[in-house]
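First the structure, then my questions, so here it is.
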Amino acid sequence: MEKGESEKKASGVSNVGAWAMNVTSSVGIIMANKQLMSSSGFAFTFATTLTGFHFALTALVGLVSKATGLSASKHVPLWELLWFSLVANISIAAMNFSLMLNSVGFYQISKLSMIPVVCVMEWVLHNKHYSREVKASVLVVVVGVGICTVTDVKVNAKGFICASTAVFSTSLQQISIGSLQKKYSIGSFELLSKTAPIQALSLLIFGPFVDYFLTGRFISTYKMSYGAILCILLSCALAVFCNISQYLCIGRFSATSFQVLGHMKTVCVLTLGWLLFDSEMTVKNVAGMIIAVVGMVIYSWAVELEKQRKPKVTQHGKNSMTEDELRLLKEGIEHMNLEDMELGGNKS
């Protein structure tokens, strides 16, 4: 029993560590990119190409790790890697186009819609079901973050198409991360090491043309400074941790949990923007943050409640089983990885 409890505690610590790394690196990269891309900073507006730099460094780290024997290599069919990379790159480009064509308010609403979209997609693709408590907590988080971030809402046809594409492709990408890890019994960093080179190559080839369409400038016209180079390197370094932690988090939790708890980053970004960049902090922002955090706490409680209900379901059918069936069930449960059980269905 003591061994099981110690393993559970260690697992909990590693889960918290993965999530803390994701939040810290995500907030850090947003702050670095704000300085890099803003007109008051280095005015480097080539977002898609910058993402290519991010994946290039991530691929390099993966290559070094594999060469030094720090990570193993399992076979994943090339077509699966190409398909996943295509979806991921469409997500990146569509997000950039959505931000360009839509108002900030509609862009934020489209990002919020990823939570229900992920829930529906997990239900359709993996027959995953959610309790009333989980659904209610998701609604609270969406309302809270909406109050925080949504301002003016203007919709146009092109912007709506780009936003819809971004939401669908991003949701599919996040679900696919967990699915591929489970399907091929592959670790999060190992999967990232296989997909990063494909994403880096394609983004560095097509990224400059996407950025030209968005900004009207080619990256070759940008005058590099030492400050801009250092900021790009910082952004790339933070992106490595951000990419690794994203795969870790979705591998440990689920795409839905990643989306819900991920809005903690929105709260952190708003707070740091107020502290570091003199952004306006209104009563509406504060009220929305409080509601969002309450929703996240309720969500965590709802997930734990759902986990506690599962043994009761098993106990309910006990009287209808033979002694041999009970023995086999007991042996199966003792060898089962309880960490892979979440909500009412399989992990994505």
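I need the full set of residues from the stretch 40-50 which are under 15 Å from I198 (Cα atoms) and open to solvent by 30 Å² or more (accessible area, probe 1.4 Å), in order please.
Hits for the stretch 40-50: nothing passes.
If you take the residues of the stretch 72-91 that are open to solvent by less than 30 Å² (accessible area, probe 1.4 Å) and of a type in the set (A, V, I, L, M), which of them is farthest from the chain's Cα centre (by Cα)?
Applying the filter and picking the extreme gives V76.
Continuing with this model, one more query. Quick one: in the stretch 92-143, of everything that is in a helix (DSSP H, G or I) and among the charged types (D, E, K, R), which residue is most open to solvent (accessible area, probe 1.4 Å)?
Among those residues, the one meeting the criterion is R132.
A follow-up question, please. Quick one: count up the residues across the stretch 59-78 that are within 30 Å of L214 (Cβ to Cβ) and either touching a Cys at 6+ places or on another chain (Cβ under 8 Å) or free of Cβ contacts under 8 Å to residues at least 24 places away in the same chain (or both).
Total satisfying the criteria: 1.
Let me ask something else. Restrict the check to the stretch 116-128 and report whether at least one residue is over 16 Å from the mean Cα position of the chain (by Cα) and closer than 22 Å to L192 by Cβ.
Yes: one or more hits.
Quick one: in the stretch 166-194, of everything that is not small (G, A, S) and not in a helix (DSSP H, G or I), which residue is farthest from N243 (Cα to Cα)?
Y184
Considering only residues that are free of Cβ contacts under 8 Å to residues at least 40 places away in the same chain, more than 12 Å from F46 (Cβ to Cβ) and not in a helix (DSSP H, G or I), which ones fall in the stretch 210-235?
The answer is K223, and nothing else.
Based on this model, can you work out whether G216 counts as open to solvent by less than 30 Å² (accessible area, probe 1.4 Å), more than 20 Å from T58 (Cα to Cα) and out of contact with any Gly (no Cβ under 9 Å at 6 or more places or on another chain)?
Answer is no for this residue.
Run down L172, L192 and say which single residue is open to solvent by less than 50 Å² (accessible area, probe 1.4 Å) and out of contact with any Phe, Trp or Tyr (no Cβ under 8 Å at 6 or more places or on another chain).
Criteria check complete, one pass: L172.
Answer yes or no as to whether S98 is under 27 Å from N285 (Cβ atoms) and either polar (S, T, N, Q) or more than 19 Å from the chain's Cα centre (by Cα) (or both).
Considered against the rule, which asks whether it is under 27 Å from N285 (Cβ atoms) and either polar (S, T, N, Q) or more than 19 Å from the chain's Cα centre (by Cα) (or both), S98 comes out as yes.
Yes/no per residue for (1) part of a loop (DSSP other than H, G, I, E, B); (2) among the basic types (K, R); (3) modelled with pLDDT under 65:
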position: L261; (1), (2), (3): no, no, yes
position: M264; (1), (2), (3): no, no, no
position: W274; (1), (2), (3): no, no, no
position: M281; (1), (2), (3): yes, no, no
position: A287; (1), (2), (3): no, no, no
position: I291; (1), (2), (3): no, no, no
position: I298; (1), (2), (3): no, no, no
position: A302; (1), (2), (3): no, no, no
position: L305; (1), (2), (3): no, no, no
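The values are calculated or read from the model by the stated rules, or taken from the named source; none is laboratory data. Please read all numbers here as calculations on a predicted model, not as lab measurements. Every residue, glycine among them, receives a Cβ derived from its backbone with ideal geometry; neighbour counts consider all protein chains shown. Just so you know, the surface numbers come from the protein's heavy atoms only, side chains and all, with ligands and any DNA or RNA stripped out. Shrake-Rupley method; radii C 1.70, N 1.55, O 1.52, S 1.80 Å.
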